[in-house]
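Accompanying notes for the structure given below.
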Amino acid sequence: MTPRLRVAVDATPLFGPRTGVGVYTSEVLRRLGETEDLEVMAYAATWRGRGRLAELVPDGVRPVGRPMAARPLRAAWSRVGGPPIEWWTGPVDLVHGPNYVVPPTRGGALVSVHDLTPVRYPELCTRDTLAFPGLIQAAVDRGAWVHTGSEFVAEEIREHFDIDPARVVAIHDGLTPLSPADPARGRAIAGADRYILALGTVEPRKDLPGLVRAFDLVAENDADVRLVVAGPDGWGAEDFHAAVAAAARRDRVVRLDWVDDPDRDALVHGATLFAYPSRYEGFGFPPLEAMSAGVPVVATTAGSLPEVLGDAAVLVPAGDVDALADALGHLLVDETARERCRTAGFEQVQRYSWDDAVDRLIALYRRVVHSGR
């Protein structure tokens, strides 16, 4: 009989809006909680969110009640290698940090590193994010293994960190297809029958100012298409707003803030095209979600996007406004090309299953634990 593993998972990403890491953590925890040969507990490195963890974790996962203060703990974990997570959880076989940080432990440790933006593009990062590389190396020095969602990022990790290459393991993330939604509702929210959609937090890494400039070129020859950008302002959003203000067709740029899931799903289903002009990406959930809804995608060749999207998207060089405008303009007028993208997109998303991803993750848990015995 396979021995039951005691696993502790950092559930801090469940707090706040569900961005990529939050989605990953939620999907993983839900399936771990359904696995009979695991005893799963969740902790949260947040002082402000203390007391809320129990309402956020799924069935089958036991929340750890003692509060944790993120900033002083991260400093201690990086500099003095303690205190161990067992102070909060009791004995565990393995601790999994799904968001770049894993605490010291007397058992096995696995840290998920979704991309290396702080290493590759430090100018695109906040102060907190810039601390991640040091925390990752400290965890590796303590014996942690590293998990990531793409072979591209796995190779970057092997090149940058002082780590045994065999202790870096890539497991493609899964995909939660969008819920069915009425495209007409999406078009009503957008205020347009034809629109290019971009989703996500407005921050420098997403290069939405470049998308605005590309759209301005496209709109010059297309009288009724609009650009819809939905998502909250992040740091550096001033550049995006400046690009909109400078656009000749700024009246056709629709800016929506955070939208709830039903509106988000409707916006995607109603879109003519989905644009993802990222300057660097470790995986890329939004373009896959668009493909699951049958929406053609234009993205960049940045980071792992060619690996994840394959030939189902039209890919252009990151930062090339003219190439982005050409790709968008071509798909807007070529129904045959859009249909090819739709068909290829439906095929591509079949490769990403959360059940398969978590099965492989659990196998990795056992591999990590076994390596330390």
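Values in this text are rule-based calculations from the coordinates and carry no lab data. All values derive from a computational prediction rather than experimental measurement. A quick note on method: Cβ atoms are made from the backbone with ideal geometry, for glycine too, and the neighbour counts reach across all protein chains shown.
A few comments on the model shown:
- Contact order, relative form, for region 96-184: 25 percent (alpha carbon pairs under 8 Å, 6 or more residues apart, mean separation divided by residue count).
- Of the residues Trp77, Val316, Thr300, the one whose Cα sits farthest toward the positive end of the charge dipole of the chain, with +1 on the Cβ of Lys and Arg and -1 on the Cβ of Asp and Glu, is Trp77.
- Computed over region 317-372, the ratio Rg/Rh where both radii use C-alpha atoms and Rh is Kirkwood: 1.33
- Equivalent ellipsoid semi-axes - Cα gyration tensor, region 277-323, angstrom: 16, 12, 8
- Comparing Pro165, Leu175, Gly143 along the charge dipole axis of region 137-187, the residue lying farthest to the positive side is Leu175, per the Cβ-charge model.
- Relative contact order of the chain: 14 percent, from C-alpha pairs under 8 Å at least 6 residues apart in sequence.
- Panel note: the C-alpha atoms of region 89-228, placed on their principal axes, show extents of 62, 34, 26 Å (largest first).
- Size of charge dipole - the chain - debye, nearest 20, with Cβ of Lys, Arg +1 and Asp, Glu -1, no other charges: 1420
- Of the peptides 142-152, 313-323, 235-245, 266-276, the ranking by mean beta-carbon count within 10 Å, highest at the top, reads 266-276, 142-152, 313-323, 235-245.
- Segments 73-79, 133-139 sorted - mean Cβ within 10 Å per residue, highest first: 133-139, 73-79
- Compactness index (Cα Rg / 2.2 N^0.38 Å), region 33-100: 1.15
- Its relative contact order, with pairs defined as Cα atoms under 8 Å and 6+ residues apart, puts region 168-314 at 30 percent.
- For the Cα trace of the chain, dividing Rg by the Kirkwood Rh returns an Rg/Rh value of 0.99.
- Residue-averaged [θ]222 nm for the chain, counting only DSSP H segments that reach four residues, each worth -39500 (n - 2.57): -12000 deg cm²/dmol
- Between region 91-110 and region 154-194, the Cα center-to-center distance that results, in Å: 24
- Estimated translational D of region 1-137 in µm²/s (Stokes, Kirkwood radius over Cα pairs; 4 °C; 1.567 mPa s): 84
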